[in-house]
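The values are calculated or read from the model by the stated rules, or taken from the named source; none is laboratory data. Because the structure is a prediction, the values reported are computed rather than measured. Note: ideal-geometry Cβ built from the backbone for every residue, glycine included; neighbour counts use all protein chains shown.
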Amino acid sequence: MAKYILAHDFGTSGDKASLFTTEGKFVKTKTVGYQTHYSNGSWAEQDPEDWWDAFCKGTKQLVEGIEVKDILCVAFDGTFPNCLCVDREGKALYPAMIWQDARSAKECEELTSMIPEKYIKHFPRGRMGMDRTLPKLYWIKKNRPDVFEKTFKVFPSVQDYIIMKLTGKAICDYANGGSTAMMNIERTDWSDEILEIAGIPRSMMPSLHNRTDIVGEITEEFSALCGLAAGTKLVCGTGDTGCTSIGAGLLKPGDAYMNGGTSAGIILKPYPDKPAAGGLTASSGSSFSWLKNTICKYEQMLSAQTGRDVYDIINEEIASASIGSNGVMFHPYLAGERAPRNNQMAKGSFVGISLTTSRADMLRSVIEGIGFNINVILQRVRDAGYPIESLLIVGGLGKGKITRQIFADIMNVELRTLKYMDETATVGCAVLGGIAMGIYADESAVEKFMEIGEITKPIPENVKKYERLKPIFEKIYEGLEPVYPYLY
């Protein structure tokens, strides 16, 4: 009789739940979406009850036809670093400020001046980033003091809330704790020095756990709500990037992959004697989603009429445009920027539009802009001494053949996909669950799950054309950088 591991990947746009056998066989996946509420130019919030509803609904639908007593455990990963304040009953006191939220510019400046350099020197440009939990919580302290005063615990990741709902325990794994900017330099505990400077009680912080810790189990109370058997073990898990890295096979130093999700970029496992490199953008996959939702109304209508995937229709139009999008360049800074700029003031833009610009040019420029931006990260990885010539690509941006070809040509790199590329993060979750249960010895068990799908090689003549365009992409950013603050 097969035994199973259930994995939940709480992304920016929804919860993907996947079921695997302990032998590494993929069974099925169910995704339940939830909304991000964007407002005030830079706010990005989610309702944590939507996370909980997605967990229950997705799990129930996924386990249909499965003997639930054979599901050994549930492992989690989620977006981070967020900021969610809850009371003693575990109820949210304020919407979750997710990692994309960029309202805390003033708080970042203040914290950068207050906190000793040793804690923030590893941040880009040596400054506190608005994507961290600390400036978000500091914003709440200054602007929503009523919420701050009632806060019992603050959580940096989605699954922390789900685990508290299920167990009553306030926990966080070390990696996500490290992303908050509130841990000590060794990332072994919360920093009393930082907390005191920011005026945050230590009691507000969740307890820290290893990502393979079993932190509880499904009780009879929640068994009916989520469809799992009472006694099913709950595994702490970690951030979505950490689990995706496991699922993408980052096992040894020098291994790297391209994350093609909402926050796309290059993830690298560094050598001990080389500097860390790589990074994630703020809105790459979400720039493509924005394109679909706001500009591609016709393609949506055509999709509804024909039953074809809307992205397939958009990709056909992208393929019809020439390299360089007839002079149009798009900068994908729709939510500020993390890597490669660390500029939360940055704004998205189309530059180079003329009377000869076509719809296809505009669409292609979005994908090219994402590719140029990620290439800046990849070039920094190469400059750090990592000769990257081949990358696994995971996430939605890697699904279309034309998008993969554009990225391969811009970055002059071979791109490989996995057969089940949508499940990379949940594969990583499943591996952590298997380690927690003593089924797998270590993360090398991921090899049971990996199967290469397609390979996209760069086309030399296209590579040369894009090489001439890369400096223009940089000059546009440099020209607009002084203007961005005036757009707020």
Hey, F80 hits all of (1) part of a loop (DSSP other than H, G, I, E, B); (2) touching a helix residue (DSSP H, G or I) at 6+ places or on another chain (Cβ under 9 Å); (3) surrounded by fewer than 23 Cβ atoms within 10 Å (Cβ to Cβ) but one; which does it fall short on? (3)
I'd like to check something: does region 346-361 contain any residue that is in contact with a Phe, Trp or Tyr (Cβ under 7 Å, 6 or more places away or on another chain), touching a residue at least 12 places away in the same chain (Cβ under 8 Å) and among the hydrophobic types (A, V, I, L, M, F, W, C)? yes
Residues that are over 14 Å from the mean Cα position of the chain (by Cα), in contact (Cβ under 8 Å) with a residue 40 or more places away in the chain and more than 24 Å from F76 (Cβ to Cβ): which helices (runs of 4 or more DSSP H) entirely in region 231-337 hold 1 or more of them? 285-290, 310-320
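The rows are residues; the columns are (1) in contact (Cβ under 8 Å) with a residue 40 or more places away in the chain; (2) among the aromatic types (F, W, Y).
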| residue | (1), (2) |
| --- | --- |
| F10 | yes, yes |
| L19 | yes, no |
| E23 | yes, no |
| V27 | no, no |
| G41 | yes, no |
| E45 | yes, no |
| C73 | yes, no |
| Y94 | yes, yes |
| R103 | yes, no |
Residues of region 158-188 that turn out to be within 18 Å of G433 (Cα to Cα) and either free of Cβ contacts under 8 Å to residues at least 60 places away in the same chain or part of a loop (DSSP other than H, G, I, E, B) (or both), as a count: 2
Restricting to region 209-267, name every residue that is surrounded by fewer than 18 Cβ atoms within 10 Å (Cβ to Cβ) and among the β-branched types (V, I, T). I214, T219
Test result for R144, crowded, with 22+ Cβ neighbours inside 10 Å and of a type in the set (K, R): no
Yes or no: T241 at pLDDT 95 or above, of a type in the set (S, T, Y) and in the same structural domain as W190 (by TED's automatic domain parsing)? no
One residue from A44, A54 being under 24 Å from T281 (Cβ atoms), out of contact with any Leu (no Cβ under 6 Å at 6 or more places or on another chain) and either at pLDDT 95 or above or part of a helix (DSSP H, G or I) (or both): A44
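Taking G199, is it farther than 19 Å from G242 by Cα, among the small types (G, A, S) and modelled with pLDDT of 95 or more?
In short, yes.
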Select from region 362-402 the residues that are surrounded by 24 or more Cβ atoms within 10 Å (Cβ to Cβ) and more than 22 Å from the chain's Cα centre (by Cα) and write down the one among them that is farthest from I472 (Cα to Cα). L363
Scanning region 1-31 residue by residue, the ones that are hydrophobic (A, V, I, L, M, F, W, C), surrounded by fewer than 20 Cβ atoms within 10 Å (Cβ to Cβ) and either in a strand (DSSP E or B) or at pLDDT 95 or above (or both) total 2
Go through region 416-438 and give me each residue that's surrounded by 14 or more Cβ atoms within 10 Å (Cβ to Cβ), in contact with a strand residue (DSSP E or B) (Cβ under 8 Å, 6 or more places away or on another chain) and either among the β-branched types (V, I, T) or not in a helix (DSSP H, G or I) (or both). R416, T417, L418, Y420, T424, T426, V427, M437
Which condition from (1) on the phi < 0 side of the Ramachandran plot; (2) free of Cβ contacts under 8 Å to residues at least 60 places away in the same chain; (3) not aromatic (F, W, Y) is the one that I200 breaks? (2)
